[in-house]
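In what follows, a single structure is set out as structure tokens and then discussed.
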Amino acid sequence: MHLEIPGDITLSFVYCTECDGDLAAMYSRTKRLELGIYSKLMVELRNEDPNSFQNFMRMSPAMFDELLNRLTPGLTRPSTNYRANLEPGLKLAVTLRHLASGTKYRDMAYGWRVPHNTISKVVREVCQAILEEYLDEQFTCPSTEEGLRQPSNEWMQRWNFPYTIGAIDGKHVACKAPLRTGSECYNYKSFFSIILLAMVSSDYTSKFLWAAVSGNGSASDAHMFNHSELKEGLENANITGWPRPDPLPNNTQDVPYFIVGDDAFSLRTYLMKPYSARNMTREERIYNYRLSRARRVVENAFGIMVNRFQVMLTTMQHYADTGRPIVKACMVLHNLMRSCYPVLQNQLIDRQLPSGEMEPGAWRRGQNLQDTVDVQAPNRDFQRREEAAEPTEALVQLPSWCRSMAGWDGGCIKRKCLDCVDIVY
């Protein structure tokens with residue numbers, strides 16, 4: 001068919017019965033099958049190099065297949081006369097690659113042969129499908145006293161800090177400046193962000209037990225916690241199965257179970273924080289040392305997750321409303337890997353060698369996290385004295401912990417450890 005236009009210009013149109021005249025749609029679909037990453041590169045990696053497939057998708061082929069099987073019903077859309085719908089496997093692969101690399105949609109469009117505006121819709125669709133399918137399954141806490149006492153025993157065994165249920169902290173995830181919001185999302189670090197407030201378990205791979213991503217950058221961690229359902233449950237003692245107070249070893253006074261946090265939070269019977277750094281006694285320094293060692297697990301959890309899903313490592317090219325489901329989906333996938341595919345953690349986390357030395361995991365060796373490697377202590381004498389101390393004394397030995405308590409007035413608690421091993425400062 002020819003269309004005559006004044007000026008001796010002739011435009012030719014080719015009618016295609018397969019796609020009802022839409023030649024551009026047929027061209028994209030054909031090129032996607034011939035040259036696209038999903039139909040070529042991923043098939044090659046799956047068949048010839050599973051390790052590279054895992055690095056590319058941040059998960060093994062087995063986990064990818066499981067995700068695809070469970071998400072296919074929610075991602076399947078009926079085709080129209082205009083064009084065929086994208087298959088669920090392609091949608092999932094595009095989304096996982098975006099979460100793993102943080103690459104812009106326009107850059108991804110060339111390799112995946114999918115328009116950038118379509119990728120934008122696909123990422124939101126897949127993240128929502130992940131949340132609907134896995135959120136309740138992966139963010140579940142024990143609902144009995146015995147079930148919650150088990151995490152407390154793990155905190156005691158791993159970090160020598162008893163009666164702890166979890167560690168809580170916040171993280172700023174950089175995002176695009178939302179339209180017409182002023183400084184609402186502008187934080188004290190001088191960039192626009194949303195706040196991720198999370199509580200993790202004692203395991204070094206750090207499964208997220210609870211999380212909230214509703215805060216804007218201008219808010220503080222304490223503000224988010226004070227307006228959260230977790231704080232309301234702890235304050236009113238209406239969390240199902242929360243353990244009743246128990247006495248410390250070699251003591252008869254009951255002590256409540258609690259979570260641990262940093263200086264941003266208020267001291268409560270259910271939340272322990274460090275002593276002020278001014279004029280600390282020896283017992284207070286020991287307490288701060290042990291609390292810091294227990295609390296840092298949540299920092300490591302953020303580092304591991306962000307290094308795995310690097311869309312959160314730099315400024316997300318999303319507005320806050322779009323970025324929040326993406327952050328939630330990353331946490332769900334992190335928990336899924338932690339619970340169902342622990343082999344994926346082996347090279348990522350830190351290990352303690354038989355000699356007692358720590359071998360840094362891959363998350364610490366990432367180029368984008370180079371500033372966290374080989375951090376030098378400001379006081380070299382302190383560092384040498386600490387290295388000279390017996391590691392087992394600081395990490396394992398726990399004589400009758402805290403025979404007495406100080407600062408107990410029914411509303412808050414501060415602990416002085418009068419019988420702990422002497423930590424060299």
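The values are calculated or read from the model by the stated rules, or taken from the named source; none is laboratory data. Not measured: the values here are computed from a predicted model. Cβ sites come from the backbone with ideal geometry, for glycine too, and all protein chains shown count toward neighbours. For the accessible areas, the whole protein counts, side chains as well, though only heavy atoms, and no ligand, DNA or RNA atoms are used. Shrake-Rupley method; radii C 1.70, N 1.55, O 1.52, S 1.80 Å.
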- Item | Residues located in segment 91-117, provided they are among the hydrophobic types (A, V, I, L, M, F, W, C), under 26 Å from N69 (Cβ atoms) and more than 24 Å from the chain's Cα centre (by Cα) | W112, V114
- Task: Kindly establish whether S120 is in contact with a strand residue (DSSP E or B) (Cβ under 9 Å, 6 or more places away or on another chain), of a type outside the set (A, V, I, L, M, F, W, C) and in a helix (DSSP H, G or I).
- Result: no
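Go through segment 52-98 and give me each residue that's basic (K, R), closer than 15 Å to I130 by Cβ and open to solvent by 70 Å² or more (accessible area, probe 1.4 Å). If you could, list the steps in order and put the result at the bottom.
Applying the first criterion (basic (K, R)) to segment 52-98 yields 58, 70, 77, 83, 91, 97.
Restricting the remaining residues to those that are closer than 15 Å to I130 by Cβ gives 58, 70, 91, 97.
Correct list: R70 only.
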- Message: What's the number of the only condition in (1) at pLDDT 85 or above; (2) open to solvent by 60 Å² or more (accessible area, probe 1.4 Å); (3) of a type outside the set (A, V, I, L, M, F, W, C) that T269 fails to meet?
- Response: (2)
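Name the residue that is nearest to K104 (Cα to Cα), counting only residues in segment 288-301 that are out of contact with any Ser or Thr (no Cβ under 8 Å at 6 or more places or on another chain) and open to solvent by less than 10 Å² (accessible area, probe 1.4 Å). Lay out the reasoning, then the answer.
Pass one, segment 288-301, residues out of contact with any Ser or Thr (no Cβ under 8 Å at 6 or more places or on another chain): 288-293, 295-296, 299.
When the remaining residues are screened for being open to solvent by less than 10 Å² (accessible area, probe 1.4 Å), the result is 290-291.
On the way: R290: 42, L291: 40 Å.
Filtering first and then ranking leaves L291.
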- Examine segment 238-254 for a residue that is in a loop (DSSP other than H, G, I, E, B), touching a Cys at 6+ places or on another chain (Cβ under 7 Å) and among the hydroxyl-bearing types (S, T, Y), and state whether such a residue exists. no
- Query: Out of curiosity, is T164 exposed (fewer than 15 other Cβ atoms within 10 Å of the Cβ), among the polar types (S, T, N, Q) and closer than 19 Å to V298 by Cβ?
  - Reply: no
- Tell me which residues, restricted to segment 173-202, are closer than 23 Å to D221 by Cα and open to solvent by 30 Å² or more (accessible area, probe 1.4 Å). K176, A177, T181, G182, S183, E184, Y186, Y188, K189, S190, F191, F192
- Pairs under 6 Å by beta carbon, first residue under 26 Å from M63 (Cβ atoms) in segment 127-154, partner open to solvent by 70 Å² or more (accessible area, probe 1.4 Å), six or more apart or different chains? L131/K328; E133/R70
- Query: Restricting segment 205-220 to residues that are more than 23 Å from L135 (Cα to Cα) and in contact (Cβ under 8 Å) with a residue 40 or more places away in the chain, which is least open to solvent (accessible area, probe 1.4 Å)?
  - Reply: G217
- Selected residue (only one of K31, K40 is among the basic types (K, R), at pLDDT 80 or above and under 15 Å from L86 (Cα atoms)): K31
